[in-house]
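K.L.:
Would you mind keeping the following structure in view while I ask a few things?
The values are calculated or read from the model by the stated rules, or taken from the named source; none is laboratory data. Being a predicted model, the structure only gives us computed values, none of them experimental. Don't worry about glycine lacking a Cβ; one is built from the backbone with ideal geometry, like all the others, and counts go over all protein chains shown.
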């Protein structure tokens, strides 16, 4: 009878230990999932920032080009062109008659 009680007590301890290991494993998995989500959000935010910087750079470049075209000069001093813009499409005509 004593041996059966000892065996039963040992079996209960093993089951409790198994449950504790299971919960520890679940907690580690949850922590890894949280860390991965934080990294995913950081990467997503960095990508958005790069996209915004690219859009800003392109907008500034477009403004510079439009300013050059309005004046009719390129950095090399050429001034024989006519600039027209219609529905966001830039048309450039070179005046070959001069």
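K.L.:
Among the listed residues 48, 22, identify the single one that is part of a helix (DSSP H, G or I), surrounded by 10 or more Cβ atoms within 10 Å (Cβ to Cβ), within 12 Å of the chain's Cα centre (by Cα) and modelled with pLDDT of 95 or more.
P.N.:
Of 48, 22, the one residue that is part of a helix (DSSP H, G or I), surrounded by 10 or more Cβ atoms within 10 Å (Cβ to Cβ), within 12 Å of the chain's Cα centre (by Cα) and modelled with pLDDT of 95 or more is 48.
K.L.:
Check off (1) more than 20 Å from the chain's Cα centre (by Cα); (2) part of a helix (DSSP H, G or I); (3) at pLDDT below 95 for residue 57 and give me the number that stays unchecked.
P.N.:
Among (1) more than 20 Å from the chain's Cα centre (by Cα); (2) part of a helix (DSSP H, G or I); (3) at pLDDT below 95, the lone unmet condition for residue 57 is (1).
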